[in-house]
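The values are calculated or read from the model by the stated rules, or taken from the named source; none is laboratory data. It should be emphasised that the depicted structure is a prediction, and the values quoted were computed from it without experimental measurement. In this analysis, Cβ positions are derived from the backbone assuming ideal geometry, glycine residues included, and neighbour counts consider all displayed protein chains. Keep in mind that these areas ignore ligands, DNA and RNA; they rest on the heavy atoms of the full protein, side chains included. Shrake-Rupley method; radii C 1.70, N 1.55, O 1.52, S 1.80 Å.
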Amino acid sequence: MALLEIPLTLSEPFESSSGVVSHRPIVLLNLEADGLEGWSECVALGAPTYTYETTYTAWRVLTEIILPGVIGMDVSEPASILRAARDVRGHEMAKATVEMACWDLAARSEGIGLAEKLGGTKSTVQVGVSVGMMSSLAELGDRVARYVEDGYKRVKVKIGPGRDIEVLAALRERFPDLVLWADANSAYSSQDAARLKELDAFGLQMIEEPLAPGDFLAYARLQDRIETAICLDESIVTEADALLAVELGSCRVVNLKPGRVGGLEASRRIQAQLSSAGLSVWCGGMLESGVGRAHNVALASRAGFDLPGDISASRRYWECDIVTPEFEVSGGEMAVPAGPGIGVEVDVDRIESLAVRKAEFN
Ligand code: OSB
Ligand code: MG
């Protein structure tokens, strides 16, 4: 069992209302059992801008608490592995790292793909792209044009106060029929309800996480007031959050990210609850390398993921991904890898040579 950190640089900085990400420290976990390996990626960012977790906190929680407890456990049993983390409150991204590597290993030990192991039924998943803020409207428009040409099923743009109406108006004018989403990463407050109502004019399919994470009451009031569907991202961490959002009518859509909710089992449970309540669910992204991307594709192959995910091609973020083959998009779809486990080969030599930290547990 080894935890490694590699410092990757995005092919271009990614800006949202919560800051700019240029460098992406990526923490990878490698589990081994019976000659097989399982891989996962911790999705925490370098800074606590999305949630409180960071690569630093995840590294500490994993190396000091969770991984020592995993020694001696059956690492191909995803349903029970998180017993090693039962004394850890929160830190879902750290927990998910262990659980997700375990799923890969479990699927490999059965000789089946992770998608099948998770109950996925699709052989390709519909994908969209998340576009960061740009310094000019023309640059943003050109970037969106390129992604439309690449075939992405929909485009999500980042917005925030002062970078909303004119951005969306310009895009709508240039792309009248584009399926357009907007993600505010919690940049607004309830006081901005009138401004958010003005965004109804742009025919967005949804607006993601406009208000503070977890303010389900404010979300319900806002959803009553605006026509655009609200999609929750940061707000949904537990199954209880999802049930509360449904009960209060806080949103109509949820962006589900396995790292944010503590793993793939939690993702399946939350998705099933949301789908049966009639909400739409899609798989989000965290600027992952091919390892995390592979887990997302497998999860999104489940029928309940009924809208295109933030699962873009490897080359949208990386000059050179750490898996082969790299993920590609064609006609707005991405093929679910067919091989065992995550179905792509992890470039171990490159990871070892890039690693700035490594912790081994045996
Ligand atoms: O809010 O969905 C988000 C990236 C990092 C942190 C949060 C978010 C995002 C994205 C990009 O929007 C998703 C991706 O393409 O990986
Ligand atoms: Mg988001």
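Along the range 132-148 the Karplus relation, 6.51 cos²θ - 1.76 cosθ + 1.60 evaluated at θ = phi - 60°, assigns HN-Hα couplings of x, 5, 10, 6, 9, 5, 5, 5, 4, x, 5, 5, 4, 4, 5, 5, 4 Hz to successive residues, with x for each Gly and Pro. Computed extension length for Ser135-His23: 38.4 nm, one decimal, from 0.36 nm per residue of separation with the Cα-Cα distance subtracted.
Sequence-distant contacts, meaning Cα pairs under 8 Å at least 6 residues apart, place the relative contact order of the range 56-171 at 19 percent. Each residue of the range 178-194 is assigned a 3J(HN,Hα), and the resulting list reads 5, 6, 10, 10, 10, 10, 9, 6, 6, 7, 10, 10, 4, 5, 8, 4, 5 Hz, derived from the Karplus form 6.51 cos²θ - 1.76 cosθ + 1.60 (θ = phi - 60°), x at Gly and Pro. Along the axis of the charge dipole computed for the chain (Cβ charges of +1 for Lys and Arg, -1 for Asp and Glu, origin at the Cα centre), the listed residues Pro213, Ala106, Thr57 are led at the positive end by Pro213.
Charge tally around Ala2: other residues with Cβ under 9 Å, Lys/Arg +1 each, Asp/Glu -1 each, net -1. In loop segments of the range 176-246 as defined by DSSP, the GluC sites (Glu not before Pro) with at most 14 further C-beta atoms inside 10 Å of their C-beta are Glu227.
The range 31-71 and the range 297-350 have Cα centres lying 21 Å from one another. When each of the peptides 333-342, 250-259 is scored by how many other beta carbons lie within 10 Å of its residues on average, the order from highest to lowest is 250-259, 333-342. Among Gly35, Gly343, Gly141, the residue with the largest mean-square fluctuation in a Gaussian network model of the chain, with springs joining Cα atoms closer than 10 Å, is Gly35.
Principal-axis analysis of the Cα atoms of the chain puts helix 239-248 at an angle of about 20° to the longest axis. Using +1 on the beta carbon of Lys and Arg, -1 on that of Asp and Glu, and nothing else charged, what's the dipole of the range 116-335 about the Cα centre, debye to 20? With only Lys, Arg, Asp and Glu charged at Cβ, the dipole is about 260 debye. For the residues Ser123, Ser18, a 1.4 Å probe over the protein chains yields an accessible-area ranking, largest first, of Ser123, Ser18. Protein heavy-atom accessible surface, 1.4 Å probe, per residue over the chain: 39 Å². Summing Lys and Arg as +1 and Asp and Glu as -1 over all other residues whose Cβ lies under 12 Å from the Cβ of Cys102 gives a net charge of -3. The solvent-accessible area of Thr124, taken with every protein chain present and a 1.4 Å probe, is close to 50 Å². For Met206, the residues 5 or more places off, or on other chains, whose built amide H falls under 5 Å of its own are Ala182.
Accessible surface ranking for Asp306, Asp200, Asp150, Asp34, 1.4 angstrom probe, highest first: Asp34, Asp306, Asp150, Asp200. 3J(HN,Hα) along the range 219-224, derived from phi through the Karplus expression 6.51 cos²θ - 1.76 cosθ + 1.60 where θ = phi - 60°, amounts to 5, 4, 5, 5, 4, 5 Hz, with x in place of Gly and Pro. Heavy-atom accessible area for Thr324, with the other protein chains in place and a 1.4 Å probe, reaches approximately 80 Å².
Across the protein chains, with a 1.4 Å probe defining accessible surface, the residues Glu166, Glu15 rank Glu166, Glu15 from largest area downward. Peptide packing: for 209-215, 70-76, the average count of neighbouring Cβ atoms within 10 Å per residue gives the ranking 209-215, 70-76, highest mean first. Taking amide H as placed 1.01 Å from N in the peptide plane, Phe327 has its amide H under 5 Å from the amide H of Ser314, each at least 5 places away in sequence or on another chain.
Of the trypsin sites (Lys or Arg not before Pro) found in the range 86-179, those that fall in a DSSP loop while having at most 14 other beta-carbon atoms within 10 Å are Arg86, Arg89. Close amide-amide hydrogen proximity is noted between Asp306 and Val281, each under 5 Å apart and 5 or more residues distant or on a separate chain (H modeled in the peptide plane; Pro and chain starts excluded). Across the range 116-335, the relative contact order, built from alpha-carbon pairs under 8 Å that are at least six residues apart, equals 24 percent. Apolar share of the accessible surface for the chain: 49 percent from carbon plus sulfur atoms, 1.4 Å probe.
Does the range 116-335 come out rounded, prolate or oblate by the C-alpha gyration tensor, with a ≥ b ≥ c the root eigenvalues, rounded set by a/c under 1.5 and, if not, prolate when a/b is larger than b/c and oblate if not? Note, shape of the range 116-335 comes out oblate.
DSSP beta bridges fully contained in the range 116-335 are about 20 percent antiparallel.
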